[in-house]
Each structure stands twice: as C-alpha cells, then as structure tokens.
Amino acid sequence: ETLQRIVSTLVNKNDEIHNFIDMLNHTISNVQVNSSNAISELDEEFDGLYSVLHEMKGSMANTIQQEEARKIQALQDQLSQCSHALESSEELLELAVQSLDIQNPVELLEAARQIKDSVTVASAFRLSLKPKVSDSMTHMMVDFALEKRMLQAVKFLPVPKAPEIDVAACLVADNCITISWRMPEEDSRIDHFVLEYRKTNFDGLPRLKGEQCWERVGYIKATQYTLSGLKFDTKYMNLRVQACNKAVAGEYSDPVTLETKAFVFSLDSTSSHLNLKVEDTYVEWDPTGGKGQEKIKGKENKNRSSTASPKRSTNSPRASARGSRDRFAGESYTVLGDTAVESGQHYWEVRAQKDCKSYSVGVTYRNPGKFDQLGKTNSSWCIHINNWLQTTFSAKHNNKAKTLDIPVPDRIGVYCDFDGGQLSFYNASSKALLHTFRTKFTQPLLPGFMIWCGGLTVTTGLQVPSAVKTLQKSENGLGGSTSSLNNVA
C-alpha cells in the first residue's frame, strides 16, 4: 500500500510536470506571437511617423517654391521696367548727339528745348535702382535639432502605476456610489481608467472564494466616476481602478470596501391571503381564490387544497425565523415582508397598478390575527388608498383614519426609524412628505401590504434618500407635528 501511494504520487507529479511543460511551450509560442505583433505595431508607428514627415516635407517644399516664384516674378517685373527705361534713354542720347551737329542756332535752340523736355519726363529718372526683394531664402530654413533629441529620447511606453483611491472623497448615497482616485505621480501618457466593482457581504479585502465576478466600466477619462441605479442587496461593495495608456494597462489599485446600507426583503408568500398571487416583490389580486396560482405553480401547489387554509412552513431562513402560521383570511387581503425591522433606519418603495381599486401600505408587529387588516389594530400603521367609486386617501392606525387632502402619488416611499419611533410616508418621486406616525415600537416590525383588485410592486435594496434625511432633520429640528393617530405602543 505504501509503494502504491508512492507510485501514485509519482504519477501525479509526472502529470503535473507534463502539464507544466505544455504550459511553458504554450507560453513560448505566445511570446513569439506577441513579439511579432509588437514589431508589427512598431513598424506601423514608424511608418506613420515617416508618413507625417513626408507630408510635412512636401508641404514645406511647396511653400519654398511659392516664395521662389513670388520673388522671381517681382524681380522680372522690375527688370522689364528697367529695360524699357534704358531703351528710352538710349533714344534720347542718340537724338542729343544728332542735335549737336545742327549749325543753325535757331534750330539748335529748338532741338535742345525738345531734348530737355523729354529728359525731364524720362522714366529712367523715376526708377528705383534697388531690388524689390532680396535673394535670401534663410527665412525658409528649418532646424530639427529639438525634434531629433525628442525622437532620440523615444522609448517603449512605460506601464502606468496603480492609482490610489481616495476613500475620504468616496460617497455612498441615493443608491449611487461616487468613487474618486488619483495617480501617485503625474503621468501625461494616461489615456483612460478602468473601474471594476462587485457586491459582497464581507468587510475588508476581497475574498477569492464565494465572491461575485467583477463588473467592469471602461474608458473613464476623469479621475472620478459615479455608479448609479444600484440595488444594494449586499452589505458592501468592493472597488478597484487601473490606469491605461495607449498600449498597456497598469496594476489595479488596492481595492477598497464601501458599506452599502439598505433594507432588502421579499414578500412572504406563506403569509399571504389565498386571493393574492405573490412573486418575490410583486403581489396581485387573484379573484380565483388561489386556483389560478395552483395552475401556474404546478407541483409546488400539488398537495394544497383549493378551499382550505392550512398552516404552511417554508425553507426560507428569514421566513422561518418568524414562524409559520395560517395565512390571512376573510377580507384581510394581506401579505407581509419576510424580513423584520428590529433597529435602525430603513426605506422601501411601492408602486400600484393604475387600475388598482384599493390598497394599503404600512408595517405591523409580528403575528397579526388572520382576519386583521392593516391600520385597524393598535399594532399596525398604514396609509390606505381607495379608488372604488371615488378616491380617498387616508392614514390609519388603531381603527382610526385621518384623511390626507393631497394627490395620491404614483410611487410611495416608506421610511421607518425604528429606534426613533417614526414611520413616514413620502411621494417617492418628489420626496414630499405625505404623513408621519410617531410612537415607540416595542416589537420587530414587518412590512405589510393589503390589496384588492390590482397589483403592487415593491422595490427594496434602497438606501434612505438624502432628501428624506434632510426632511427628517428639518422636521425633528422644528419639533414636527404630531399626528392625531399617534400613540405610544
């Protein structure tokens, strides 16, 4: 047996060596291919440089030729004028010589007067005997000494250094993360940055096992980026950045872990009324009393009676912690969230279908009665919208209602400050306050929803919006109005 183990170990080691040899051969092949590619890219860069220089040479040579033609044309024009003036002067000289032979004084005097008049207006006396242009072309000379030194200094592109994330400048708010970074030293060759992030439930450095894959955002030109529209369904976010120049990417920065506080829950189908069809974060009125749900879910509802309301259990750890019980019955068309609020500040939103006839949104202590309706007990708080016949909008608690004389929003935001004893409802779009309950919560709270004729969609994994935090500070600073429905529970 010992020999067999030794031989088995040797076989495994041989396999490892074979695999390593294959890897080395593959690496050699890749080195050759990549080297060839690098040479090809180098040829392309130099060909491009040659092309630019050739184009510049042609353009500058053309400029010199144009200057040559301009100067020659100016000198030829001046030469033509001088030739014409010289020809005219020679004619006058010949005429003067001939006049000297005249013997008659009167004729001589007349000829002299004519010569004098002609000489006075002769073009030769109006000519400038200085060339209009010089023969120098030194202003068309170039000096590439600086460029030569620059070209001689050309080297392979350096690998960019790893950026440094400025944790103090990073901001997590409104389901967005703004991350800032800087380079350890100035690098003018940086072309862009790449940001990678992934969600995690572990604080500290990223772990190799049990982690999600990195998601990538490329070609960021600035040293700051905002990830928006996130769903914070984990406790933290790992982020890292790398710098890239035209040819190569540098090492990633040291990853940072930012906390992403948010309340995440699903609708607990084990708590719902038979007339409600529940799917994760969506609940819909089902007039078939659950029979339609049985057809959809098939095997899942195979052993369920379509008329009975049995006690059920669930494998969900969050739901089982609350304990199984009878679903809601009668006119309590209710479903609860599967995660309790036991401390802290939390926020979630609800959107109702446009044709929804009646629905309530709120919270309740655990284990309400199967016939209890939200807002009609001293252990539940809600706002209720009734679109049947005429629209009514009210806040309910302990079977008391307060009419809210404001338009019903498309989306309702729910803010729960468990420790501060506050439950507020907002217009989720404008963040306008709809109503606030103030009390002292003595038990964990479950999100609750009641619906008749229509559907509700719940959005979780949301942080408390900055606008809501600002309103809460303002309201608390001013003392805030106390609702007539508030109580000390």
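The values are calculated or read from the model by the stated rules, or taken from the named source; none is laboratory data. Bear in mind that the values here come from a model prediction, so they are computed numbers and not experimental data. Using ideal geometry, Cβ is built from the backbone for each residue, glycine included, and neighbour counts are taken over all protein chains shown. Quick note on the areas: whole protein, heavy atoms, side chains included, nothing else; ligands and nucleic acids left out. Shrake-Rupley method; radii C 1.70, N 1.55, O 1.52, S 1.80 Å.
For this structure, a couple of remarks:
- Selection from the stretch 363-404 of residues that are β-branched (Val, Ile, Thr) and assigned to a strand (DSSP E or B): Val363, Thr364, Ile383, Ile385, Thr392, Thr403
- Against the test of being at pLDDT below 95 and either within 25 Å of the chain's Cα centre (by Cα) or part of a loop (DSSP other than H, G, I, E, B) (or both), the options Lys277, Lys261 yield a single qualifying residue, Lys261.
- Glu41 being open to solvent by 60 Å² or more (accessible area, probe 1.4 Å) and either aliphatic (A, V, I, L, M) or over 29 Å from Ala247 (Cα atoms) (or both): no
- Meets criteria (among the aromatic types (Phe, Trp, Tyr) and free of Cβ contacts under 8 Å to residues at least 60 places away in the same chain) for Phe449: no
- Among the conditions (1) over 24 Å from Glu259 (Cβ atoms); (2) outside the structural domain of Leu86 (by the TED database), the only one that Gly204 does not satisfy is (1).
- Residues in the stretch 104-128 that are among the small types (Gly, Ala, Ser), assigned to a loop (DSSP other than H, G, I, E, B) and either modelled with pLDDT of 85 or more or open to solvent by less than 70 Å² (accessible area, probe 1.4 Å) (or both): Ala122 alone.
- Within the stretch 52-72, residues that are under 25 Å from Val133 (Cβ atoms) reach partners that are of a type in the set (A, V, I, L, M, F, W, C) and not in a helix (DSSP H, G or I) with beta carbons closer than 9 Å, at six or more positions or on different chains, in the pairs Met60/Val142; Ile64/Met137; Glu67/Met137; Glu68/Met137; Arg70/Val133; Lys71/Val133; Lys71/Met137; Ile72/Val133.
- Test: Gly454 is in the same structural domain as Ala329 (by the TED database), under 17 Å from Ser358 (Cα atoms) and touching a Cys at 6+ places or on another chain (Cβ under 6 Å): yes
- Among the residues of the stretch 405-431, those that are over 28 Å from the mean Cα position of the chain (by Cα) and in a loop (DSSP other than H, G, I, E, B) comprise Asp405, Ile406, Pro407, Val408, Pro409, Phe418, Asp419, Gly420, Gly421.
- Residues (at pLDDT below 90, surrounded by fewer than 18 Cβ atoms within 10 Å (Cβ to Cβ) and either within 24 Å of the chain's Cα centre (by Cα) or within 26 Å of Val361 (Cα to Cα) (or both)) located in the stretch 280-296: Pro287, Thr288, Gly289, Lys291, Gly292
- The set of residues from the stretch 366-391 being within 23 Å of Gly421 (Cα to Cα), β-branched (Val, Ile, Thr) and free of Cβ contacts under 8 Å to residues at least 24 places away in the same chain comprises just one member, Thr377.
- Those strands (runs of 3 or more DSSP E) lying entirely in the stretch 432-473 with at least 3 residues closer than 24 Å to Glu331 by Cβ and not small (Gly, Ala, Ser): 445-452, 455-462
- If you filter the stretch 402-426 down to residues that are open to solvent by 40 Å² or more (accessible area, probe 1.4 Å) and free of Cβ contacts under 8 Å to residues at least 60 places away in the same chain, you find that the one that is nearest to Val264 (Cα to Cα) is Asp410.
- Against the list (1) open to solvent by 40 Å² or more (accessible area, probe 1.4 Å); (2) in contact (Cβ under 8 Å) with a residue 40 or more places away in the chain, the condition Val363 fails is (1).
- Qualifying residue in the stretch 67-77 (condition: over 30 Å from Ala124 (Cβ atoms) and either open to solvent by 80 Å² or more (accessible area, probe 1.4 Å) or assigned to a helix (DSSP H, G or I) (or both)): yes
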